Amino acid sequence: MTRARTIARAHRMPFGAECGTDGGGTRFRLWAPGARQVDLWLEESKQALPMPRDAEGWAELTVPDAGPGTRYRFRIDGEMLVPDPASRYQPEDVHGPSEVVAPAAHPWTDAGWPGVPPERLVYYELHVGTFTHEGTFAAAAARLDHLAALGVTAVELMPLADFPGRWGWGYDGVLPFAPEGTYGRPEDVKRFVEACHARGLAVLVDVVYNHFGPEGNYLHCSAPDFTSPRHRTPWGEGINFDGPRSAVVRQWVVHNALYWLEEFHADGLRLDAVHAISDDSRPHILEELAAAVDAAQLGRSVHLVLENESNAARLLDRSARPHYRAQWNDDVHHVLHVLLTGERDGYYADYHPALPLLGRCLVEGFAYQGDWSAYRGRPRGDGSGHLPPTAFVDFLQNHDQVGNRAFGERITELAPAAAVRAATAVLLLAPAAPLLFMGQEWAAREPFLFFSDLGPDLGLAVSEGRRREFARFPQFADPDARARIPDPQAEATRDRSVLDWSAPSRPEHAEWLALHRALLAIRRAEIAPLLAGEPVPRARWRPLGPTALEAEWAFPGGRVLTLVANLGAEPAAIPPSLVREPARRLYALNIPTDPTAPPPAWSVSWAIQEGVHEPGGHVMTPEGGR
């Protein structure tokens, strides 16, 4: 039997603990321009070793006998012991010592992994801590056969950077190079990635470069220039990307991105809330990061995905190099949510009437392309019709849109089943890349609630702030109503969010799972080939009534994809007209036998026509938009 070829992977960094491969000990390096004195503190011997510093504030020391497993901290000004901000592992959480890790010691077995091309991307977002009862990488790896059989191709992990406490979403991480210890060790992350690759699944890691979490962040002790009082975010001071000493901060973020891609062999990153990153310098840190990933020549398909409320299409422009692969398209979620639930609170107020915005999203990408947003009180977005469908990630659910509700309800708890089935059929077969949130495929009934495990004072403030946040909504104006909102600090809140893996075997959930598998099989066979090479189809749409539309995408080679859908509880007013015979039906939901009849309530039809070559016959222009 031939043994799999193994390779070693390590990302070399100018900071942190770099373990030598030749028996040369470990080099410890800390940027500490704000400290008067820095010592290396070795936990086992309780020994403080002075670290020489240069004029730029870099403290460095090589210790010959400090090998893998050594636990250490840095002592600042003879008083405060802090973890290594570039720690690769925190065995005792964010306030404890760091551990020396030898990344090259892991024998990788996925040397031939080519990645997943853009046209085949179907994302599945999961939170490691609640995906399984155990909440570990090992337990998540044991469920990967389910994901492969489902038909998703990319596992998107909510943030892994070590955060304080036993549970949390991960967006308040403070040690961005250390995988969250409650999920497992760094080697467990690597085994998870290998298990994904063995099943044809790409892995993306959610990273947060707009702020540091409030608890366990000791950077102010040694390098206060990491943050900037000139830039504010909803979570406090922004990261300093453009002020004095910002060069090291920028280097820090770029290395972190490359670290996940090289040392952990991840296939991409999802960059959280980049609209909250302030950088008045040139190049912008987002451009510098993308250029560094491009220059790394990683030899496989790598995907950088943005969350960007600003809808900045220029970052996705295929004519520029480098560019970002895609952006989470909140517009699609919001308009589908409004159609299915009728909600008008908060930002949903910007999505009435919904149908014109849905049509625009389907054929052009963003709904808001420089249009005035009444909710935000300013214009929002750039024109996006020139971008390929693969530049957008569409979804009905994700951690934000479920978890930021007071009671964490999923869409199947808020809308009729027939409505969600119809929206699912639109989502999974539309040209844009779809994303599912864990458990969505079987209509999981568990909520996904906001939870954290912070220290007493900060935890109480978060709990109180969570309830104040909802006071502006009419249904929570009464203090008694707000008191029913689950406490983020309660262990029961986290426990209620854990998926029940016995559910898919029950008939009502098995039907949902079968629907998702069937639709993703159609996508793999029929839709993905249309998207190869990231073409920009000529597309148009037109309304068939207040909640119904037809849309058409003309791809190279004379292939035309057609959608007729009614996302409403009443029959459409107008019959469809775009389907040209002989068209091949890909999927039908609640479609009448008479193809000329107006679409019934909650109905969807997808068809494809081959060999459409008449000159000028499909010169598409957006129709019915805003």
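Quick note: the coordinates plus some simple rules give every number you see, no bench work behind them. Keep in mind the model is a prediction, meaning the values are calculated, not measured. Glycine gets a Cβ as well: all are built from the backbone with ideal geometry, and neighbour counts include every protein chain shown.
Coupling constants for segment 408-417 follow from the phi torsions by the Karplus curve (6.51 cos²θ - 1.76 cosθ + 1.60, θ = phi - 60°), and in residue order they are x, 6, 7, 4, 6, 8, 10, 9, x, 4 Hz; glycine and proline get x.
What do you get for Rg/Rh of the chain when both radii come from the Cα atoms and Rh is the Kirkwood radius?
With Rg and the Kirkwood Rh in hand, the quotient comes to 0.98.
The stretch between Ala148 and Glu43 holds 33.4 nm of extra length on full extension. This uses 0.36 nm per residue minus the Cα-Cα distance. For the chain, find the longest principal axis of its Cα atoms and tell me its angle to the long axis of helix 330-341, 0 to 90°, nearest 10. Helix 330-341 sits at roughly 50 degrees to that axis. Once the Cα atoms are used to define both axes, helix 246-262 deviates from the longest principal axis of the chain by about 70 degrees. Report the net charge of residues surrounding Pro103, where surrounding means a beta-carbon distance below 9 angstrom and charges are Lys +1, Arg +1, Asp -1, Glu -1. So the surrounding residues net to +2. Seen against the Cα atoms of the chain and their longest principal axis, helix 507-522 is set at about 90 degrees. Computed from label points 7 Å out along Cα-Cβ, the spacing between Thr596 and Ala247 is 7.4 nm. Think of segment 40-83 as a dipole: +1 on every Lys or Arg Cβ, -1 on every Asp or Glu Cβ, centred on the Cα centre; then among Met80, Ala55, Ser45, Ser45 lies furthest on the positive end. As a size descriptor, the averaged projected area of the C-alpha convex hull of segment 537-609 was calculated at 4.4 nm².
Evaluating 6.51 cos²θ - 1.76 cosθ + 1.60 at θ = phi - 60° for every residue in segment 444-457, the Karplus couplings come out as 4, 8, 5, x, 10, 9, 7, 9, 7, 9, 9, x, x, 5 Hz, glycine and proline recorded as x.
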